[in-house]
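Since the structure comes first, as structure tokens, the remarks are kept for the end.
The values are calculated or read from the model by the stated rules, or taken from the named source; none is laboratory data. Since the model is a prediction, treat every value here as computed from it, not as a measurement. Positions of Cβ are generated from backbone atoms using ideal geometry, with glycine treated the same way; all protein chains shown enter the neighbour counts. In case anyone asks, the SASA skips ligands and DNA or RNA and just uses the protein heavy atoms, side chains included. Shrake-Rupley method; radii C 1.70, N 1.55, O 1.52, S 1.80 Å.
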Amino acid sequence: MIRVLFVCLGNICRSPMAEAVRNIVKEDGLSDKIEIDSAGTGDWHVGNPPHEGTRKILDTNRIDYIGMKARKVFTGDLTRFQYIICMDAENLGNLHRMAGYSETGFIGRLMDFVENSEIDDVPDPYFTGNFDEVYEMVTEGCKGLLKTIKEENNL
Ligand code: 4NP
């Protein structure tokens, strides 16, 4: 099983959106090969469903998020998941600090998977309020990530 963990700060806006976009994995018939989860580096929203803005854009696009609840990322995640994909430089720094010198899965940013992207970070809609922009970026990033995973794992 290939395991992918999306990480953001609160695990209520950006990373649950990326997790929900797992519908593209289902459409490719790869649900039994790729497992997807999300977590936050902060614990303020642990146990909460995705943010209203994230739910709204997912509803608009008929993407389900049933049962999704925020959780905090923990050290064990870094070895359990082969692809640990975060949203911005702050998440990246926090994950690298957590990892220390231990061996982990690949840790990178979602926008690394968008060819010729001029933007490295997915802006935080919790502060910008722009969930539409984030949805576009997250879907592009997830498509690129899926392409890479398929290439790297001969799927
Ligand atoms: P997210 O957005 O990292 O995309 O889930 C945030 C959600 C909550 C907070 C910050 C960012 N917060 O400070 O509570």
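Some notes on this structure:
- Projecting the Cα atoms of 119, 131, 67 onto the charge dipole of the chain (Cβ charges, centred on the Cα centre) puts 67 farthest toward the positive pole.
- In sequence order, segment 46-61 has phi-based couplings of 3, x, 8, x, x, 4, 3, x, 5, 4, 5, 5, 5, 4, 4, 9 Hz under the Karplus curve 6.51 cos²θ - 1.76 cosθ + 1.60, θ = phi - 60°, and Gly or Pro positions carry x.
- One way to sum up the overall shape of segment 68-140 is the equivalent ellipsoid from its Cα gyration tensor, whose semi-axes run 23, 15, 11 Å, largest first.
- Probe 1.4 Å, protein heavy atoms only - accessible area per residue of the chain in square angstrom: 53 Å²
- Between amide H atoms placed 1.01 Å from N, distances below 5 Å from residue 72 occur with 40, all of them 5 or more places distant or on a separate chain.
- Rounded to whole numbers, the Karplus 3J(HN,Hα) couplings from phi for segment 146-152 are 4, 4, 4, 4, 5, 5, 5 Hz, using 6.51 cos²θ - 1.76 cosθ + 1.60 with θ = phi - 60°, and x at Gly and Pro.
- Sequence of 65, 126, 83 from largest to smallest accessible area, 1.4 Å probe: 126, 65, 83
- Summarising the amide proton neighbourhood of residue 86: residues at separation of 5 or more, or on other chains, whose placed amide H is nearer than 5 Å comprise 7, 108, 109, 110.
- Computed from the Kirkwood radius of its Cα pairs, the Stokes-Einstein diffusion coefficient for the chain at 10 °C and 1.306 mPa s stands at 104 µm²/s.
- Within the accessible area of segment 113-155 (1.4 Å probe), percent carbon and sulfur: 43 percent
- Here's the list of lysines a cross-link from residue 33 could span, going by alpha-carbon distance under 26 Å and ignoring same-chain residues fewer than 8 apart: 69, 72, 143, 147, 150.
- Accessible surface of residue 152, taken over heavy atoms with a 1.4 Å probe and every protein chain present, rounds to 120 Å².
- Among the trypsin sites (Lys or Arg not before Pro) within segment 1-100, those in coil by DSSP and having at most 16 neighbouring Cβ atoms inside 10 Å are 33, 62, 69.
- Residue-wise HN-Hα coupling along segment 124-133, computed from phi with Karplus coefficients 6.51, -1.76, 1.60 (Hz; x: Gly, Pro): 7, x, 4, 9, 8, x, 9, 6, 5, 4
- Taking the Cα centre of the chain as reference, the dipole from Cβ charges on Lys and Arg (+1) and Asp and Glu (-1) amounts to some 580 debye.
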